[in-house]
Amino acid sequence: MSEVFKKLSALRGMNDVLPGQSAAWEELERLTRDWLRSYGYVNLRAPVLEHTRLFTRGIGEVTDIVEKEMYTFTDALNGESLTLRPEFTAGMVRATIEHNLLYDRPRRVYAMGPVFRHERPQRGRYRQFHQIDVEALGFAGPDVDAEQIQMLARFWKILGLRDIRLEINSLGAGEERAEHRAALIAYLERHLDLLDDDGKRRLYTNPLRVLDTKNPALQEMAAGAPRLLDYLGPDSRAHFEGLQARLDDAGIAYTINPRLVRGLDYYNLTVFEWVTDRLGAQGTVCGGGRYDGLVELLGGKPAPAVGFAIGVERLLELWQQESQAADGGECDVYVASLGEPAARRALVVAESLRDAGLDVIVHGVAGSFKSQLKRADGSGAAFAVILGDDELAAGEAAVKVLASGEQFRTPLDTLGATLVDRLAGDSA
Ligand code: ATP
Ligand code: MG
């Protein structure tokens, strides 16, 4: 059989969001925009596709993402190496530098959309997934770190989520990490026999990541390793204490997890994750931290920054478990009609109802009144408007209140106002 006749399907690990699920996505997106706006964040939309070197430089060569998760290909037209964004931060920072956005003031920006990582698909882990990405660029103190954590606490409250907890750590400054790194390598060399292949490979390139292991056999050894926290100098310590004081002011509970390092190279000082036990193995809903060196690393004037990313699929799963995530109706009014003249009139009537501010679905295909009313019920509409020859001759419509079954006839000229009044009355 030729290629053309093979059944077409989506790529593994890449999901369609079907009509039954998309209402929750849209509601989440709406809540997200309102929430971010209330903290002064504005949308910055960078392309999905960037030069590969943006990510290799920005994220770091010896990270899971760059080593094995990127969708990278050569542009057949000019031989350039391109990569689908595996995360937002590098592109957001590139755009900020390219358009000189930090020249006169710091910026709070956000984006949401798909990111791509070639991972083994499983619950909570996909190859195309979505993030809400939030970045504060040009802020040095612990204030914005604390504000971002405070914002997230508010967001969980808006969504009605419980059972989500905060872990924080400090990765200190470059020199402190270097000193700790030497001690850590010496420690790991003493436990060489325990290290798995990943661990051995990273011993000299990215030893901190050896501690971030999910391998239970390594975790005990990792627990005894020298702690970066013990190598922090006075400035880093003050920053971390400043963060904790502000979280205490806000009444936000947290635990300090000395082994929290995050999967990307660019972090320093504050790192944090929000985790839950309700999602199985992939329990991290949000991760973030400070990346004071990244703007300079990518060619900009040095500027401190802090940000986080929320995994939307995981958040949605949690939201749907824990609360009444949006499951609203498709429309306010469902318009049914019988016969050609009434079908034509239905389109006109529907427009007048939309003029009155109502959401309206016109049945749109042939069918008996009975089958049309069944669809009207299924649509979640408050009213079915029924147009037949009799009604049209009288300049009226029949209305069925779908919740109660009550029916009445009413003049077409005032139909919109009548239904709007009834809806307002119902929700009062
Ligand atoms: P993990 O340790 O689970 O691989 P990560 O450290 O790679 O996470 P980040 O780069 O911090 O993840 O991305 C931020 C958030 O995006 C994560 O906290 C998670 O909620 C979500 N996320 C990461 N990878 C995936 C994926 N493959 N599928 C779905 N969501 C993901
Ligand atoms: Mg990962």
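Figure legend. Inter-residue proximity from segment 311-322: first residues assigned by TED's automatic domain parsing to the domain that holds Ala24 and under 16 Å from Val134 (Cβ atoms), second residues more than 13 Å from ligand 1 (Cβ to nearest atom) and assigned to a helix (DSSP H, G or I), beta-carbon distance below 6 Å, spacing 6+ or different chains. No pairs are indicated.
Six or more apart or on different chains, Cβ atoms under 7 Å: show the pairs whose first residue is in segment 340-362 and at negative phi and whose second is among the aromatic types (Phe, Trp, Tyr) and outside any helix (DSSP H, G or I). These pairs meet every condition: Ile361/Tyr334.
Residues that are over 23 Å from Leu297 (Cβ atoms) and not hydroxyl-bearing (Ser, Thr, Tyr): does segment 131-141 have at least one? Yes.
So, Leu316, is that one buried (at least 21 other Cβ atoms within 10 Å of the Cβ) and either within 16 Å of ligand 1 (Cβ to nearest atom) or at negative phi (or both) or not?
no
Within the option set Val295, Val333, being under 30 Å from Ala398 (Cβ atoms), out of contact with any Cys (no Cβ under 9 Å at 6 or more places or on another chain) and away from ligand 1 (no atom under 16 Å from the Cβ) holds for one residue only, Val333.
Has segment 76-83 got at least one residue that is hydroxyl-bearing (Ser, Thr, Tyr), away from ligand 1 (no atom under 16 Å from the Cβ) and closer than 18 Å to Leu264 by Cα?
No, the conditions are met nowhere in segment 76-83.
Number of residues in segment 38-80 that are modelled with pLDDT of 95 or more and either of a type in the set (Lys, Arg) or outside the structural domain of His118 (by TED's automatic domain parsing) (or both): the value is 2. Report the residue count in segment 363-403 for those that are out of contact with any strand residue (DSSP E or B) (no Cβ under 6 Å at 6 or more places or on another chain), acidic (Asp, Glu) and free of Cβ contacts under 8 Å to residues at least 40 places away in the same chain. The number of residues fulfilling the criteria is 2. Scanning segment 48-91 for residues that are among the polar types (S, T, N, Q) and not in a loop (DSSP other than H, G, I, E, B) turns up Thr52, Thr56, Thr72, Thr74, Ser81, Thr83, Thr89. Just for segment 266-300: of the residues that are assigned to a loop (DSSP other than H, G, I, E, B) and of a type in the set (A, V, I, L, M), which one is surrounded by the fewest Cβ atoms within 10 Å (Cβ to Cβ)? My answer is Ala281. If the condition is being in a helix (DSSP H, G or I) and within 16 Å of ligand 2 (Cβ to nearest atom), then segment 210-265 contributes Val210, Leu211.
One residue alone among Tyr204, Tyr267, Tyr231, Tyr254 is within 21 Å of Val134 (Cβ to Cβ) and away from ligand 1 (no atom under 16 Å from the Cβ), and that residue is Tyr254.
For segment 92-127: of the residues being outside any loop (DSSP other than H, G, I, E, B), within 24 Å of Thr32 (Cβ to Cβ) and aliphatic (A, V, I, L, M), which is farthest from ligand 1 (Cβ to nearest atom)? Working first, answer last.
Residues of segment 92-127 that are outside any loop (DSSP other than H, G, I, E, B), as a first pass: 92-98, 107-116, 122, 125.
Narrowing the set further to residues that are within 24 Å of Thr32 (Cβ to Cβ) leaves 92-96, 107-116, 125.
Narrowing further to those that are aliphatic (A, V, I, L, M): 92-93, 95, 109, 111-112, 115.
Details: Met92: 14, Val93: 15, Ala95: 19, Val109: 17, Ala111: 13, Met112: 12, Val115: 8 Å.
Checked segment 92-127; the qualifying residue farthest from ligand 1 (Cβ to nearest atom) is Ala95.
May I ask you to verify whether Arg45 is part of a loop (DSSP other than H, G, I, E, B) and within 16 Å of ligand 1 (Cβ to nearest atom)? In short, no. When segment 155-178 is filtered for residues that are in contact with a helix residue (DSSP H, G or I) (Cβ under 8 Å, 6 or more places away or on another chain), part of a helix (DSSP H, G or I) and surrounded by 15 or more Cβ atoms within 10 Å (Cβ to Cβ), the ones remaining, listed by number, are Phe155, Leu159, Glu176, Arg177. Which of the residues that make up segment 99-147 are among the hydrophobic types (A, V, I, L, M, F, W, C), touching an Asp or Glu at 6+ places or on another chain (Cβ under 8 Å) and within 16 Å of ligand 2 (Cβ to nearest atom)? Those that are among the hydrophobic types (A, V, I, L, M, F, W, C), touching an Asp or Glu at 6+ places or on another chain (Cβ under 8 Å) and within 16 Å of ligand 2 (Cβ to nearest atom): Val115, Phe129. A Cβ distance below 6 Å, combined with a sequence gap of six or more or placement on separate chains, defines the contacts here; from segment 128-143, residues that are under 23 Å from Asp34 (Cα atoms) reach residues that are within 16 Å of ligand 2 (Cβ to nearest atom) and among the charged types (D, E, K, R) in the pairs Phe129/Glu313.
With respect to the stated conditions, Thr32 fails to be within 20 Å of Glu135 (Cβ to Cβ), within 16 Å of ligand 2 (Cβ to nearest atom) and assigned by TED's automatic domain parsing to the domain that holds Lys301. The set of residues from segment 184-243 being under 30 Å from Gly141 (Cβ atoms) and among the basic types (Lys, Arg) comprises Arg209, Arg227, Arg237.
The values are calculated or read from the model by the stated rules, or taken from the named source; none is laboratory data. Just so it is clear, the model here is predicted, and its values are computed rather than measured. Heads up, the Cβs are rebuilt from the backbone with ideal geometry, glycines too, and the neighbour counts pull from every protein chain shown.
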